[in-house]
Amino acid sequence: MANDDRSAGEVVIAVLTYRRPGDISLALPRLAAQATTLAAGDRPPATVLVIDNDPAASAQAAVQDIAGTLGPGLVRYAHEPRPGIAAARNRALADAGTAALLAFIDDDEVPSEHWLAQLVELQQRTGAAAVVGPVISEYEHEPEPWIQAGRFFRRRRLATGTPLTVAATNNLLLDLDQVRALGLSFDERFGLSGGSDTLFTRQLVQRGGSMLWCDEAVVVDRVPASRLTRGWVLRRALRSGNSAARVNLELAAAAAPRLAAARASSLAAGSLRLLGGAARLGAGLLTGSTAHQAMGLRTAARGLGMASAAFGYVYSEYRRK
């Protein structure tokens, strides 16, 4: 169970942003409302921390203008000029200071009414090192049938309290005392490729921390038209496979025999996915099945990402010009 002394500590909502002034302007009032609602009940005080990952600090003026309308001390701004989302996540860990809990949410997500309160309640009731909530996609326009058939935006839903071994930071609450005790931070080698949250949460569980699902703490991901293309969803599948395999290799890197086995496993698993996906694509072309075509290509792209990681290839989805 959670420590009663700690339960009174501050909660920080961390929202990372990079050159999306419209999104952060929409997000801040919603997140400030979450913080205010939490503090109004018999719960810890909460604040919002914006991490601007643009070297030009492009969000600063907008954040400070909005913060001035939301009440003193409710919103803080921090500039992290080092490129990569892992650096921004680490800045959030550092700037949370002595807070008890840190909640990560994306700047293009909309939290449900009691999102933060539900994450905090489950953490305080169980003493979990991390609590994870679901992400539901809403689209700027309806995806084409091929993307729908491929289930590219389908995410998991689980019963509240289900233990997890891996999670993303798009809806994640961390107990900072436990994070510090476990010696965790985000690996900045994954900053431009993605996957630092996968590695972080897997290490959290491997080092003895518990991570639980909270199905009521929903956030809605607003998917722009630029991501509703076949090229984008297939590149994301490739990147997901590549970063997942790289995380496996990193976790095995402490011992040379384990690393060699991990490389062989990534190559074998990736090759099987690549071949299986190609076979499913072929079956879809023969039968006219859109689902088999889309899911076959999705499987093949993920397999290619996994197999290429075994040879040291890094797909940097977030690389900057």
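Every read-out reported here was derived from the displayed coordinates using simple, explicitly stated rules and does not represent laboratory data. Being a predicted model, the structure only gives us computed values, none of them experimental. Cβ placement follows ideal geometry from the backbone for every residue including glycine, while neighbour counts extend to all protein chains displayed.
For a test of the definition: using alpha carbon positions, the gyration tensor, and the 1.5 limit on a/c, classify the chain as rounded, prolate or oblate.
Here the chain falls in the prolate category.
Tell me, what is the FRET efficiency for Ser271 and Arg76 to the nearest 0.05, using R0 = 51 angstrom and their Cβ-Cβ distance as r?
Taking R0 as 51 Å, the efficiency between Ser271 and Arg76 is 0.60.
Rank Ile66, Ala264, Ser193 by how far each Cα sits towards the positive end of the charge dipole of the chain (+1 on Lys, Arg Cβ; -1 on Asp, Glu Cβ) and give me just the farthest.
Looking along the dipole axis, the top candidate is Ala264.
Where does the longest stretch of the chain lie that holds no chymotrypsin sites (Phe, Trp or Tyr not before Pro) found in a DSSP loop with 14 or fewer other Cβ atoms within 10 Å?
That gives 1-310 as the longest site-free run.
How much length is gained if the chain between Val166 and Ala39 is pulled fully straight, taking 0.36 nm per residue apart and subtracting their Cα-Cα distance, in nm to one decimal?
Value of the extension gain: 42.8 nm.
Do any trypsin sites (Lys or Arg not before Pro) in region 66-167 lie in a loop, going by DSSP, with at most 16 other beta-carbon atoms within 10 Å of their beta carbon, and if so which?
Those satisfying the criteria are Arg151, Arg154, Arg155, Arg156, Arg157.
Only four residue types carry charge here, +1 at the Cβ of Lys and Arg and -1 at the Cβ of Asp and Glu. Report the dipole size of region 148-292 about the Cα centre in Debye, rounded to the nearest 20.
660 debye
Between Ala61 and Arg155, what is 0.36 nm times their sequence separation minus the Cα-Cα distance? Round to one decimal in nm.
30.4 nm
If I stretch the segment between Asp177 and Ala279 completely, what's the gain in nm (0.36 nm per residue apart, minus their alpha carbon distance), one decimal?
This chain segment gains 31.9 nm when fully extended.
Once each part is reduced to its C-alpha centroid, what is the distance from region 204-239 to region 184-203 in angstrom?
When both Cα centres are located, 14 Å separates them.
So if I take the centroid of the Cα atoms in region 243-321 and the same for region 119-175, what is the distance between those two points in Å?
Using only Cα atoms to place each centre, the spacing works out to 23 Å.
Please list the helices of the chain that count as membrane-span-like by this rule: a mean Kyte-Doolittle hydropathy of at least -1.0 together with Cα atoms stretching 20 Å or more along the helix axis, each helix being a complete DSSP H run.
Span-like helices here: 21-40, 230-252, 256-287, 290-310.
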